[in-house]
There are 2 protein chains.
Amino acid sequence: MNNKEKLRKAGLRPTKQRMIIADILLDGIDRHFTAENLQNEINSSGNSMSIATIYNCLKKFRNCGLIKQVESSKDTAIFDTNINQHHHFLDEETGELIDIENDEVNLRKLPKIPQGYLNNGVEVLIKIKKQI
Amino acid sequence: MNNKEKLRKAGLRPTKQRMIIADILLDGIDRHFTAENLQNEINSSGNSMSIATIYNCLKKFRNCGLIKQVESSKDTAIFDTNINQHHHFLDEETGELIDIENDEVNLRKLPKIPQGYLNNGVEVLIKIKKQI
DNA sequence: AAGTAGTTTAGAACGATTTTAAAGTAAAAA
DNA sequence: TTTTTACTTTAAAATCGTTCTAAACTACTT
Ligand SMILES: [Mn+2]
Ligand SMILES: [Mn+2]
Ligand SMILES: [Zn+2]
Ligand SMILES: [Zn+2]
């Protein structure tokens with residue numbers, strides 16, 4: 001399925017800007033990035049785009065499930081092209097994230113979901129720090 | 001140990017402002033809160049404090065291990081008075097966090113920590129959503 | 001008591017993100 | 001195809017959480 005079809009299937013109009021972003025993000029390579037990182041990639045590809053459009057598109061892509069947003073206490077939003085359920089190592093010093101595939105983690109025991117709620121995904125974060 | 005002693009032991013001068021905050025936060029009750037939440041509590045207690053001081057104190061308290069900061073993709077920092085290793089339920093709609101005590105979770109399998117790094121804590125986040 | 005290092009503060013500044021509103025574009029209707 | 005409609009992009013302004021600045025203040029040391 002090409003990117004135009006992916007956008008259509010997600011319910012998004014394949015505009016010029018969304019296609020530029022899809023060409024960068026939906027190439028099957030897993031990556032973590034910020035809005036600014038993406039703008040730099042757009043610029044490097046010989047294109048340009050308003051930062052407002054980049055935020056608009058990232059929000060649409062995320063809400064459609066084409067990308068994810070990582071839970072992180074950094075002040076800048078971090079997005080993730082790996083949309084499979086998976087986990088992360090986090091170096092709190094640098095903010096660097098490393099993927100952990102889902103089958104690398106196995107939970108023996110999980111707490112009871114609160115009354116009236118449904119489980120909507122489990123994420124394991126392993127904080128790491130450089131050895132001294 | 002009283003709050004003045006707790007601050008001293010943490011290497012912090014027990015100033016009037018830090019004592020006001022310690023009286024609110026270090027009462028043994030686990031809670032999740034923002035800087036603004038705390039300012040409201042300070043105001044309700046008949047005191048007042050500059051928002052800069054509140055941020056200064058929260059950062060000091062966190063760096064001394066008197067409180068924690070939660071990993072969250074919300075745009076406002078969320079702090080936690082539960083400093084034991086523990087986990088959370090997160091309602092992504094509302095941002096509400098609910099503690100999961102450490103013994104409620106059991107990991108059968110953990111990935112190998114990357115070369116040159118040390119494990120610095122494991123956090124499990126269970127995203128939940130309201131049943132419809 | 002005097003010195004000094006650390007702390008508080010109001011307000012300015014900052015940086016990430018969102019809003020505004022006008023111009024442009026894609027899809028639908030005619 | 002033309003027209004209409006809803007959606008999208010944009011630069012610039014606004015917003016909002018947080019940090020910085022620098023002057024006044026306070027806790028601790030000598
Ligand atoms: Mn965040
Ligand atoms: Mn911010
Ligand atoms: Zn990832
Ligand atoms: Zn907690």
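Coordinate-derived values only; no laboratory data. Here the structure is a predicted model, which means the values were calculated and not measured. Glycine gets a Cβ as well: all are built from the backbone with ideal geometry, and neighbour counts include every protein chain shown.
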If one compares the long axis through the Cα atoms of helix B:35-44 with the longest principal axis of the Cα atoms of chain B, the angle in degrees, nearest 10, works out at 40 degrees
Relative contact order as a percentage, chain A, C-alpha pairs under 8 Å and 6+ apart, gives 19 percent
Amide H contacts under 5 Å for residue B:121, restricted to residues at least 5 apart in sequence or on another chain and with H modeled in the peptide plane, are A:127
Expected integer from the mean partner chain Cβ neighbour count at 10 Å over B:70-78 is 4
Expected integer from the mean partner chain Cβ neighbour count at 10 Å over B:98-110 is 4
Here the alpha-carbon Rg of chain A over 2.2 N^0.38 Å rounds to 1.20
To the nearest 20 debye, the stretch B:16-132 has a Cα-centred charge dipole, built from +1 on Lys and Arg Cβ and -1 on Asp and Glu Cβ, of 500 debye
Inter-chain shielding metric for B:28-38, i.e. average beta-carbon neighbours from other chains within 10 angstrom, reads 0
Axis carrying B to A; for chain B the Cβ-nearest residue and its rounded Å distance come to B:108, 2
Beyond 25 Å (Cα-Cα) in this structure, taken from A:4/A:68; A:112/B:112; A:109/B:6, we find A:112/B:112; A:109/B:6
Between the Cα axis of helix B:16-25 and the main Cα principal axis of chain B, the angle (0 to 90°, nearest 10) is 40 degrees
Once normalised by the length of the stretch B:3-69, the mean sequence separation of its alpha carbon contacts under 8 Å that are 6 or more apart gives a contact order in percent of 28 percent
